[in-house]
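The values are calculated or read from the model by the stated rules, or taken from the named source; none is laboratory data. None of these values were measured; they are calculated from a predicted model. Positions of Cβ are backbone-derived with ideal geometry, glycine not excepted, and every protein chain shown enters the neighbour counts. SASA here: full protein model, heavy atoms, side chains in, ligands and nucleic acids out. Shrake-Rupley method; radii C 1.70, N 1.55, O 1.52, S 1.80 Å.
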Amino acid sequence: MTPFAQALRELRRRRGVTQRDLAAAIGVSPAYLSALEHGRKGKPSFDLLQRIAGYFNIIWDEADELFMTAEASHPRAVLDTAGLPPRYTAFANRLAREIRALPSDVIEAMDKLLDQSPPKG
């Protein structure tokens, strides 16, 4: 499940809306909405995000948070290591192989390390 899938499912639950009702209201199939909520589809389009926010009539801050969550929700992330030292490519490939086995506390620790690293580029 992606962060967006979790957020959308929680939003629907809080508002008492079924997948079928939401799908009909925003103009997508129930199968597509189900796949989106299970992380089998990539991040939704900006247009679809606007339709979801409009349907739930959510305030700007909450809509912005939903949009940012969608940005971080592509289930098949790609790391471009072209032009970086070989150890960066090796690390990216190792992470891809082993990410499913990492415990949540390790993911949290890695996330904190990234937060401390100055942005590059």
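Based on every Cα atom in the chain, Rg and the maximum pairwise Cα distance Dmax equal 17.2, 51 Å. In the context of the full protein assembly, TYR55 retains an accessible surface of approximately 90 Å², using a probe radius of 1.4 Å and ignoring ligands and nucleic acids. Once the convex hull of all Cα atoms in segment 25-87 is built, its volume per residue stands at 118 Å³. For the set PHE67, PHE56, the ranking by accessible area, highest first and with no ligand, DNA or RNA atoms included, is PHE67, PHE56 under a 1.4 Å probe. For ARG97 and ARG9, the FRET efficiency from 1/(1 + (r/R0)^6), where r spans their Cβ atoms and R0 equals 41 Å, is about 0.90. Largest GNM mean-square fluctuation among ARG100, ARG15, ARG51, using the chain with Cα springs under 10 Å: ARG100. The accessible area of MET68, taken with all protein chains in place and a 1.4 Å probe, comes to roughly 120 Å².
The accessible-area ordering, largest first, of the residues VAL17, VAL78 stands as VAL78, VAL17, per a 1.4 angstrom probe.
Using a Gaussian network model of the chain in which every pair of alpha carbons under 10 angstrom is joined by a spring, one finds that among GLY83, GLY54, GLY39 the greatest mean-square fluctuation is at GLY83.
Protein heavy-atom accessible surface, 1.4 Å probe, per residue over segment 11-121: 76 Å². Given their separation in residues at 0.36 nm each and the Cα-Cα distance between them, ALA109 and GLU71 gain 11.5 nm when the chain is fully extended. Per atom type, the chain shows carbon and sulfur on 55% of its accessible surface, probed at 1.4 Å.
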